Each structure stands twice: as structure tokens, then as C-alpha cells.
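Engineer: Attaching a single structure in C-alpha cells format; questions to follow.
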């Protein structure tokens, strides 16, 4: 078998017993890397550390964050433009954006004003996005979730 040292230096061709004795001297393990080639390739390394790094590499995927943007039914045009710019930035970065409209006092009587604001938001959004959850009432607020298009 072909043996590679823990530093990545190729030691050469040797028997299994010789490779195991070298690994034992260094208090490391002999791990078969490529069993299908002739001769098979083995590496001297710390198997626990190697296994940990493999698991860490597989679980290191980016999680999608949900960024929250708060709006009001009587929001000004410039403020709405700023909120839409932030939503576009969040979606461009690969995050989801949750738009929440809060109603205070008697504003809850006219939910159609809130829906008009959500219509403006969906018209002005740019880039590749999809509406994951359409605007819906939840208590005293309306929520909508916008996600990046896969």
C-alpha cells in the first residue's frame, strides 16, 4: 500500500504491518483514503480529528435568516422607499424578509389602507424574489414574507 504521512508527505510503498507500526509510533491512526486504486492509498492521521472536520464541513451551510421590516398604514413615500430598499438588500444577500404592519388604535378599522401599502411594496420590489407568504391578518397586524428565488 502507498502511505502518506500526517504532513501530507508521501512515505512510499510498504506493507500494512510497517504502516501500522509507523502510525503507532506517532500515536496516530492509519486510514484508508482510496481503496479502489492499485496500490491502495492510506494516510497516517488522527482519525477523531479527521472525522470531526468532515462533519464540520458538511454542517457549515449558511442558514437563512429572517429579517423583519416594520411598516405602518400611514407611512410616507420616502420612508416606504427606504423600507423597500432594505427589503431588496436583504433578499439580495440571500435572507428572507418579513414585513409586518402594525395597527394602533382605530387604524384596525381600515385594513384596506394596509393592503394598499403591501400592494405598493410588491410593485416596487426589484430583483429575483418570491412571495413566500401573502399578506395575512394576525391579530392587530398584517404580515408578509418575501424570500429570494432559488
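Engineer: On the given criteria, is residue 41 farther than 27 Å from residue 146 by Cβ, in contact (Cβ under 8 Å) with a residue 40 or more places away in the chain and over 32 Å from the mean Cα position of the chain (by Cα)?
Structural biologist: When the stated conditions are applied, residue 41 passes them.
Engineer: Residues in the range 87-106: is at least one without any contact (Cβ under 8 Å) to a residue 24 or more places away in the chain, under 25 Å from residue 65 (Cβ atoms), out of contact with any strand residue (DSSP E or B) (no Cβ under 8 Å at 6 or more places or on another chain) and part of a helix (DSSP H, G or I)?
Structural biologist: Yes, there is a match, as at least one residue in the range 87-106 is without any contact (Cβ under 8 Å) to a residue 24 or more places away in the chain, under 25 Å from residue 65 (Cβ atoms), out of contact with any strand residue (DSSP E or B) (no Cβ under 8 Å at 6 or more places or on another chain) and part of a helix (DSSP H, G or I).
Engineer: So which pairs qualify, if the first residue must be in the range 6-17 and over 20 Å from residue 48 (Cα atoms), the second must be assigned to a strand (DSSP E or B) and at pLDDT 90 or above, the Cβ gap must be under 6 Å, and the two must be at least 6 apart or on different chains?
Structural biologist: Hits for this filter: 10/4; 11/3; 13/2; 14/3.
Engineer: If the requirement is being in a strand (DSSP E or B) and closer than 30 Å to residue 13 by Cβ, which of these qualifies: 67, 136, 43?
Structural biologist: Of the residues listed, the single one that is in a strand (DSSP E or B) and closer than 30 Å to residue 13 by Cβ is 43.
Engineer: In this structure, does residue 33 turn out to be out of contact with any helix residue (DSSP H, G or I) (no Cβ under 6 Å at 6 or more places or on another chain), free of Cβ contacts under 8 Å to residues at least 40 places away in the same chain and assigned to a strand (DSSP E or B)?
Structural biologist: Taking the combined requirement at face value, the residue satisfies it.
Engineer: Now for a separate question. May I ask you to list the residues in the range 1-30 that are part of a strand (DSSP E or B) and surrounded by fewer than 16 Cβ atoms within 10 Å (Cβ to Cβ)?
Structural biologist: 10, 11, 12, 13
Engineer: Do we have any residue at all in the range 52-62 that's in a strand (DSSP E or B), outside the structural domain of residue 131 (by TED's automatic domain parsing) and surrounded by 11 or more Cβ atoms within 10 Å (Cβ to Cβ)?
Structural biologist: Scanning the range 52-62 turns up no residue that is in a strand (DSSP E or B), outside the structural domain of residue 131 (by TED's automatic domain parsing) and surrounded by 11 or more Cβ atoms within 10 Å (Cβ to Cβ).
Engineer: Sticking with this one: Residues being touching a strand residue (DSSP E or B) at 6+ places or on another chain (Cβ under 9 Å) and loosely packed, with under 15 Cβ neighbours inside 10 Å: count how many of those fall in the range 31-45.
Structural biologist: Number of matching residues: 7.
The values are calculated or read from the model by the stated rules, or taken from the named source; none is laboratory data. A quick note: this is a predicted structure, and the numbers were derived from the prediction, not measured. Ideal geometry is used to build each Cβ from the backbone, glycine not excepted, and the neighbour counts take in all protein chains shown.
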